[in-house]
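Taking it in order: structure first as structure tokens, then the write-up.
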Amino acid sequence: MPDAIELLKARRSVKPREMTAPGPSPAELETILMIGARVPDHGKLAPWRFIIFEGDARIRAGEIIAKVFAKKNPQASAANIEVEKKRLTDAPLVIGVVSSTRPHPKVPPWEQELSAGASAMNIVTAATALGYGACWLTGWFAFDREVLDGFGLRPDEKFAGFIHVGTRSRPSEDRPRPSLSDIVTRF
């Protein structure tokens, strides 16, 4: 396993279209999810859960996305609808991170949502540490109530994102990163 600091310094997102099979084994997926659940969680609320999309589940999810898209965009071409249908089919595995906030006297919803975001990042990092490409995405459908209902989310739940995981089909190029002098101040 790579040194943790070197891994974090070199981590970069891999576009789902640049991923292929195989995805993580069942044991690797369990490790990824265990690490996803090991995040700061004030109040021990576990304000997140995971939905696994692999195999035909990715296609069924795409049909829900395309159906909602076609309904809301009656002028859409068949090609545009086909694009929506394939939103979750590039990578062999997609993990939906669901943010499930609940009322709490000491833990505001924002803090719970941040915990779901930390969970998503832990999933990306764990997949990367296991040698896979990973990418955290949302898209219009991550915020559409009809799609959320179609994916079985409760009315008080929303997606923090979809983590696409697979084998890199080519090396990833890094993108420009902000200079620390531009983003760091001292109080």
#### Entry: Protein-only accessible surface order, largest first, of H104, H164, H42 at 1.4 Å
H42, H104, H164
### Summary
Once the dipole of the chain is set up from charges on Cβ (+1 Lys and Arg, -1 Asp and Glu), the residue from the list L148, I52, G133 lying farthest towards its positive end is L148
### Query
How would you classify the stretch 92-187 from its alpha-carbon gyration tensor, with a ≥ b ≥ c the square roots of the eigenvalues: rounded for a/c under 1.5, else prolate if a/b is greater than b/c, otherwise oblate?
oblate
### Query
Under DSSP H, which helices of the chain have Cα atoms covering 18 Å or more of the helix axis and a Kyte-Doolittle average no less than -0.5?
56-72, 109-129
### Summary
Of all lysine pairs in the stretch 52-148 that are eight or more residues apart or on different chains, those with Cα atoms under 17 Å apart total 5
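Can you give me the relative contact order of the chain as a percent, contacts being Cα pairs under 8 Å and 6 or more apart?
Relative contact order, the chain: 33 percent.
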### Query
Between the DSSP loop rule and a limit of at most 11 other Cβ atoms within 10 Å, which trypsin sites (Lys or Arg not before Pro) in the stretch 50-125 are left?
K106
### Query
With contacts defined as alpha carbon pairs under 8 Å and 6 or more residues apart, what's the relative contact order of the stretch 60-157 in percent?
28 percent
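Under 1.5 on a/c is rounded, so check that first for the stretch 48-130, then, if it is not, pick prolate when a/b is larger than b/c and oblate when it is not; a ≥ b ≥ c are the square roots of the alpha carbon gyration tensor eigenvalues.
Working: a/c = 3.12, a/b = 1.59, b/c = 1.96.
Oblate, because a/c is 1.5 or more while a/b does not exceed b/c.
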### CD proxy at 222 nm, helix term only [per DSSP H run n ≥ 4: -39500 (n - 2.57); per residue of the chain; nearest 500]
-12000 deg cm²/dmol
### Query
Rounded, prolate or oblate: which fits the chain when a ≥ b ≥ c are the square roots of the eigenvalues of the alpha-carbon gyration tensor, with rounded for a/c under 1.5 and prolate only if a/b beats b/c?
oblate
### Query
Taking the Cβ of L153 as the center, what net charge do the other residues with Cβ under 13 Å away carry, scoring Lys and Arg +1 and Asp and Glu -1?
-1
## Note on the structure
In whole percents, the bins of 10 Å from zero upward hold the Cα-Cα pairs of the stretch 142-187 as 18, 23, 21, 31, 7
### Query
H42's amide H: which non-local residues (gap 5+, or another chain) put their own amide H closer than 5 Å, with H modeled 1.01 Å from N in plane and none for Pro or chain starts?
none
### Task
Filter the chymotrypsin sites (Phe, Trp or Tyr not before Pro) in the stretch 117-177 to those in DSSP coil with at most 16 other Cβ atoms within 10 Å of their Cβ, and list the result.
none
### Task
Just report the Cα centroid separation between the stretch 100-148 and the stretch 4-69, whole Å.
10 Å
### Task
Find the accessible area per residue for the chain; the probe is 1.4 Å, ligands and nucleic acids are left out, and the unit is Å².
59 Å²
### Query
About its Cα centre, what dipole magnitude does the stretch 81-132 give when the only charges are +1 on Lys and Arg Cβ and -1 on Asp and Glu Cβ, stated in debye to the nearest 20?
120 debye
## Note on the structure
With +1 on the Cβ of every Lys and Arg and -1 on the Cβ of every Asp and Glu, the dipole magnitude of the chain about its Cα centre, in debye rounded to the nearest 20, is 260 debye
### Task
Place a +1 charge on the Cβ of each Lys and Arg in the stretch 114-187 and a -1 charge on the Cβ of each Asp and Glu, then give the dipole magnitude about the Cα centre in debye, rounded to the nearest 20.
300 debye
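The values are calculated or read from the model by the stated rules, or taken from the named source; none is laboratory data. Values in this document were obtained by computation on a predicted structure and should not be read as measured data. So basically every Cβ, Gly included, is an ideal-geometry build from the backbone, and we count neighbours across all protein chains shown. Accessible surface areas use protein heavy atoms only, side chains included; no ligands, DNA or RNA. Shrake-Rupley method; radii C 1.70, N 1.55, O 1.52, S 1.80 Å.
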